[in-house]
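Presented below is the structure to which this report refers.
The values are calculated or read from the model by the stated rules, or taken from the named source; none is laboratory data. The structure displayed is predicted, hence computed values, not measured ones. Positions of Cβ are generated from backbone atoms using ideal geometry, with glycine treated the same way; all protein chains shown enter the neighbour counts. Ligands, DNA and RNA are stripped out before the accessible areas are found, and what is left, the full protein with its side chains, is counted by its heavy atoms. Shrake-Rupley method; radii C 1.70, N 1.55, O 1.52, S 1.80 Å.
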Amino acid sequence: SSNNAAVISMRGITSPASETFGLDTANALYLDGIYIARSGASGMDMSEIERVEVLRGPQGTLFGRNTTGGAIAFVSRAPSDELGVRAELCYGNFDAFNGRIALDTGLIGGVIKGTFSYARRQRDGTVDDLMEAKDSRDPGSFKTDSFRAALRADIGANGYIQYIFDWTKTTGTPFAFQLTN
């Protein structure tokens, strides 16, 4: 029903697949410890992920409410001490294209380091709308652009200060469906 809402099912408990702003999900989603409260925001493009932690079962003790089915925690990769660039390109059917580039600044002044990344995902529709001239506007098509900036300053051996900015924009046409009975 949406290009942004992910359907998450854990222990037989499914989250709603709509961009409803009034409903909490039964499966919690976290990005770097920040709770993603609505299913409409769960389809964002997450880049520079170090690991994914999946915790089944009610997780109310660790994470609080809205974790009846469980919790999924995405932990992003910290900026590297070394200067570097990573790139990835993929192509698939329905003119699907995924591209990602990331730049690690390395240590700047021996104190601060950063990572900047940009990603683009797009695909033509999976159902041919005969009234639409462009395949990029057929049902199931989408274009997603995302940008991420992470800055980290180490404070001695025991701590650090980190700032992360994530931005994602998705445009597209919802999937085609047909009601029966």
When you scan the range 105-113, do you find a residue that is open to solvent by 60 Å² or more (accessible area, probe 1.4 Å), modelled with pLDDT of 85 or more and part of a strand (DSSP E or B), even just one?
yes
Name the pairs: first residue in the range 154-167 and under 23 Å from Arg120 (Cα atoms), second residue hydrophobic (A, V, I, L, M, F, W, C) and modelled with pLDDT of 90 or more, Cβ to Cβ under 7 Å, at least 6 apart or on different chains?
Tyr163/Leu151; Ile164/Ala150; Phe165/Ala149; Trp167/Phe147
Evaluate the range 114-125: report whether one residue or more is part of a helix (DSSP H, G or I) and of a type outside the set (Val, Ile, Thr).
no
Hey, Ala87 assigned to a strand (DSSP E or B), aliphatic (A, V, I, L, M) and open to solvent by less than 30 Å² (accessible area, probe 1.4 Å) or not:
no
State whether one or more residues within the range 126-147 are open to solvent by less than 60 Å² (accessible area, probe 1.4 Å), closer than 28 Å to Glu82 by Cβ and not in a loop (DSSP other than H, G, I, E, B).
yes
From Phe74, Phe97, Phe63, Phe116, which residue is over 28 Å from Val7 (Cβ atoms) and surrounded by 14 or more Cβ atoms within 10 Å (Cβ to Cβ)?
Phe116
Looking at (1) over 23 Å from the mean Cα position of the chain (by Cα); (2) within 27 Å of Tyr30 (Cα to Cα), which is the only condition Leu107 fails?
(2)
Among residues belonging to the range 83-103 that are of a type in the set (A, V, I, L, M, F, W, C) and under 17 Å from the mean Cα position of the chain (by Cα), point out the one that is farthest from Phe116 (Cα to Cα).
Phe97
